[in-house]
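Beneath this line is the structure, given in structure tokens, with notes to follow.
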Amino acid sequence: MTLPEFLLAAQGFHDLEENRERNHWERTRWLATLMLQPHAKKGTRMKPTDIAKFPWDKQPSKESRNKLLEHTLKKMANA
């Protein structure tokens, strides 16, 4: 395995682990919302984002998405 291939594999593993962590936190936040809903004021509905807001909840701006796309394309061209 060459160094660029190893780096891509390591980045893929890092992304996989990050997605697993996100899923665990999302599930925890959702369960907390379900458990607290009966204690909310009548007529109100709680949303998971009312419990906790995570950095990945923010929608990336169009400019940052374009930068990410350019960066990814450069990496693919160099590999």
Per-region count, segment 48-79, residues out of contact with any Phe, Trp or Tyr (no Cβ under 7 Å at 6 or more places or on another chain) and surrounded by 10 or more Cβ atoms within 10 Å (Cβ to Cβ): 21
Confirm whether THR72 is outside any helix (DSSP H, G or I) and over 15 Å from the mean Cα position of the chain (by Cα). no
Considering only residues that are among the acidic types (Asp, Glu) and touching a residue at least 60 places away in the same chain (Cβ under 8 Å), which ones fall in segment 5-50? GLU5
Within segment 1-41, work out how many residues are acidic (Asp, Glu) and either touching a Leu at 6+ places or on another chain (Cβ under 6 Å) or surrounded by 12 or more Cβ atoms within 10 Å (Cβ to Cβ) (or both). 1
Condition first: touching a helix residue (DSSP H, G or I) at 6+ places or on another chain (Cβ under 9 Å) and farther than 30 Å from GLU5 by Cα. Can you find one or more residues in segment 57-65 that meet it? yes
Identify, by number, the condition in (1) closer than 30 Å to LYS75 by Cβ; (2) in contact with a helix residue (DSSP H, G or I) (Cβ under 6 Å, 6 or more places away or on another chain) that ARG29 doesn't meet. (1)
Kindly list, by first and then second residue, each pair from a residue in segment 58-79 that is within 25 Å of ALA9 (Cβ to Cβ) to a residue that is in a helix (DSSP H, G or I), limited to pairs with Cβ atoms under 7 Å and residues at least 6 apart or on different chains. ASN78/PRO4; ALA79/PRO4; ALA79/LEU8
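Bear in mind these aren't lab numbers, they're just calculated from the coordinates by the rules spelled out. Computed from a predicted structure; not experimentally measured. Positions of Cβ are generated from backbone atoms using ideal geometry, with glycine treated the same way; all protein chains shown enter the neighbour counts.
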